[in-house]
Amino acid sequence: MDVAGRLTRRFSPTYPTPSTREVSDTPCRCASRTASAHNGSGIAVRRWGRVPRHRVRRRRIARFVALDADTESLKEVDRAYGPYGVETVAAPFSALITNRVQLGEFDLIYSTGLFDYLSNNTGRRLVSTLFGMLKPGGQLVVANFMPGIRDVGYMEAFMDWKLVYRTRHSMVDLTMEIEESEIHDMTVFAEES
């Protein structure tokens, strides 16, 4: 770790930021519930992050696909989880929207670390596309940072993250291209940061 990294770690009271830890916990819990319920299949659209590794290692998830445009990240996923049957797909999210990549249907689809960079129009198109990939009764989990988080200065100054922050209302707005009658239930929540 370089000098700036050591100083940042030493003097930042929230390193790593609570916000980044929480964003990883929710998909992990959802994937564990999906696996417990019916040995379901899940897809990580971006940011492999913290997955329920014990479920993957015990093959409790029938099919787990990690999709990312970052081939270096996918190499690590393949190295660590390929032996357990995790599939990696190197493709940008836009390939899903344009149907250049077709992965099938899933019980759970989650995306962390992606929507924070998308415009509202692109976000709506991607949410609609991902929703269309769900099996009946499937669950879509989309994470996005909210405005006013206390770690924003750290994330922008030291991590060089220039994010699109979304309110609860703007998260609901991402579903506007989906027929309301198709949505069984929708929950928008904020985790502590």
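The values are calculated or read from the model by the stated rules, or taken from the named source; none is laboratory data. Just so it is clear, the structure is predicted and the values come from calculations on it, not from any experiment. Note that each Cβ is placed from the backbone with ideal geometry, even for glycine, and that neighbours are counted across all protein chains shown. Surface accessibility is based on the protein's heavy atoms, side chains included, excluding ligands, DNA and RNA. Shrake-Rupley method; radii C 1.70, N 1.55, O 1.52, S 1.80 Å.
Numerical summary
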| item | result |
| --- | --- |
| Residue within the range 177-184 that is assigned to a loop (DSSP other than H, G, I, E, B), in contact with a helix residue (DSSP H, G or I) (Cβ under 6 Å, 6 or more places away or on another chain), open to solvent by 90 Å² or more (accessible area, probe 1.4 Å) and under 27 Å from Asp107 (Cβ atoms) present | yes |
| Per-region count, the range 153-169, residues assigned to a loop (DSSP other than H, G, I, E, B), over 14 Å from Thr122 (Cα atoms) and touching a Phe, Trp or Tyr at 6+ places or on another chain (Cβ under 7 Å) | 2 |
| Members of the range 123-143 that are buried (at least 17 other Cβ atoms within 10 Å of the Cβ) and farther than 13 Å from Met176 by Cβ | Thr129, Leu130, Met133, Leu134, Gly138, Gln139, Leu140, Val141, Val142, Ala143 |
| Residues (at negative phi and over 12 Å from the mean Cα position of the chain (by Cα)) located in the range 131-149 | Phe131, Gly132, Met133, Leu134, Lys135, Pro136, Gly138, Gln139, Met146, Pro147, Ile149 |
| Selection status of Ala157, open to solvent by 50 Å² or more (accessible area, probe 1.4 Å) and within 18 Å of Asp68 (Cβ to Cβ) | no |
| Residue under evaluation Val172, criteria (1) touching a Cys at 6+ places or on another chain (Cβ under 6 Å); (2) assigned to a helix (DSSP H, G or I), criterion not met | (1) |
| Residue within the range 131-152 that is charged (D, E, K, R) and assigned to a loop (DSSP other than H, G, I, E, B) present | yes |
| Residues located in the range 88-103, provided they are open to solvent by less than 40 Å² (accessible area, probe 1.4 Å) and closer than 20 Å to Pro136 by Cβ | Leu96, Leu103 |
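Condition check ((1) modelled with pLDDT of 90 or more; (2) of a type in the set (S, T, N, Q)) across all residues:
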residue	(1), (2)
Ser128	yes, yes
Gly132	yes, no
Gly138	no, no
Met146	no, no
Met159	no, no
Lys162	no, no
Tyr165	yes, no
Ser170	yes, yes
